[in-house]
Amino acid sequence: MRLFFVKPVACANVELHWQNQVLQQKTETDGFIKFEWNSLQAVPAGWHPVQVQYKEEEETVIGNGELFVPHKTQYAFISDIDDTVLISHSSTILRRLRTLFTTNPHSRKIFEHVARHYQLLSLSNTTAEAPNPFFYVSSSEWNFYDYLQDFFSYNNLPKGVFLLNHIKRWNELLQTGKTKHHGKLIRVTRILQAFPNQRFVLLGDNTQLDPAIYKAIAEKYTSRIHAIYIRNADASKETATKELLLQLQKDTNVHTCFFKTSQEAIEDSVAIGLISS
């Protein structure tokens, strides 16, 4: 519950400390911070420490994070989280809230074999020293960032960048996990535009709008999308999802896989040469 008892601070002066550079910025109206800068030093691929400081009267609050520079690999992966990796029951708000408030990051259920599938994908046509980048784009809010980091680490999922939804307050609790189609579409598009050298594999499920969002992405960036994987997590949408993916593959020639279990997804990845058998 404490995750929702937050109050974003607008127009606050913050400092970003990167190597020997210090940048200043104000937070946006929703508390978000956005920095863009040119590093004075060459930055190798991998994870690098970065620090943000917020000074309030006599107190200085320090946030330590990491900046990610992807290796120049052939593939990159964009994955949804809820009901793609993490069992969340997103299609039913009461079941979603019950699951959320009666479990912790170590007791939350993960789909069987999904971690193995993602680990294999992270090594597709590359080495452990230069893994393929993973981006986790979700309708879950930034309230859950630490929670998700703990869950992903505990379940040995590939380390990646999280792009989450705007912070929600306690009075918006019933809307958790819900966002508009346009917001997620923008976040996925930003990733493709920021990393033009990789071909992408999109992974999601059919509880919400992943099939439609990925269809729009594949139609616009056909040459950049290698494959789309959709988990059949909502039986009531099975027929509609199957028809959408079949039409998408016919129109764009982008490979699609509609699967129930991650073992099926692994077998498909082997079949198309995405991972080794």
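The values are calculated or read from the model by the stated rules, or taken from the named source; none is laboratory data. On a predicted model such as this, the values are computed, not experimentally measured, just so you know. As a convention, Cβ positions derive from the backbone with ideal geometry for all residues, glycine included, and neighbour counts pool all protein chains shown. Note: accessible area is taken over every heavy atom of the protein model, side chains too, but ligands, DNA and RNA are not part of it. Shrake-Rupley method; radii C 1.70, N 1.55, O 1.52, S 1.80 Å.
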Options Leu16, Leu67, Leu23; residue that is open to solvent by less than 70 Å² (accessible area, probe 1.4 Å), in contact (Cβ under 8 Å) with a residue 12 or more places away in the chain and closer than 25 Å to Pro158 by Cβ: Leu67
Yes/no for Pro49 being touching a residue at least 12 places away in the same chain (Cβ under 8 Å) and either in a loop (DSSP other than H, G, I, E, B) or under 16 Å from the mean Cα position of the chain (by Cα) (or both): no
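If I go through region 246-260 residue by residue, how many of them are more than 24 Å from Lys220 (Cβ to Cβ) and more than 20 Å from the chain's Cα centre (by Cα)? Can you show your working first?
Step one: filter region 246-260 for residues more than 24 Å from Lys220 (Cβ to Cβ), giving 259-260.
Imposing the further condition that a residue be more than 20 Å from the chain's Cα centre (by Cα) reduces the set to 260.
So the count comes out to 1.
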Residue match in region 103-110 (condition: farther than 28 Å from Arg169 by Cβ and in a helix (DSSP H, G or I)): no
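Identify, from the list Glu66, Glu36, the residue that is of a type in the set (D, E, K, R) and outside any loop (DSSP other than H, G, I, E, B). Give the steps one after another, and end with the answer.
On the way: Glu36 fails: outside any loop (DSSP other than H, G, I, E, B).
It is Glu66.
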Candidate set: region 1-42, residues that are modelled with pLDDT of 90 or more and within 18 Å of Leu164 (Cβ to Cβ); chosen: the one nearest to the chain's Cα centre (by Cα): Phe35
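So how many residues does region 119-145 have that are surrounded by fewer than 19 Cβ atoms within 10 Å (Cβ to Cβ) and not hydroxyl-bearing (Ser, Thr, Tyr)?
At the first step, the residues of region 119-145 found to be surrounded by fewer than 19 Cβ atoms within 10 Å (Cβ to Cβ) are 119-120, 123, 125-130, 145.
Filter again for not hydroxyl-bearing (Ser, Thr, Tyr), leaving 119-120, 123, 125, 128-130.
Of the residues in region 119-145, 7 are surrounded by fewer than 19 Cβ atoms within 10 Å (Cβ to Cβ) and not hydroxyl-bearing (Ser, Thr, Tyr).
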Answer from Arg169, Arg116 - the residue that is modelled with pLDDT under 80 and open to solvent by 20 Å² or more (accessible area, probe 1.4 Å): Arg169
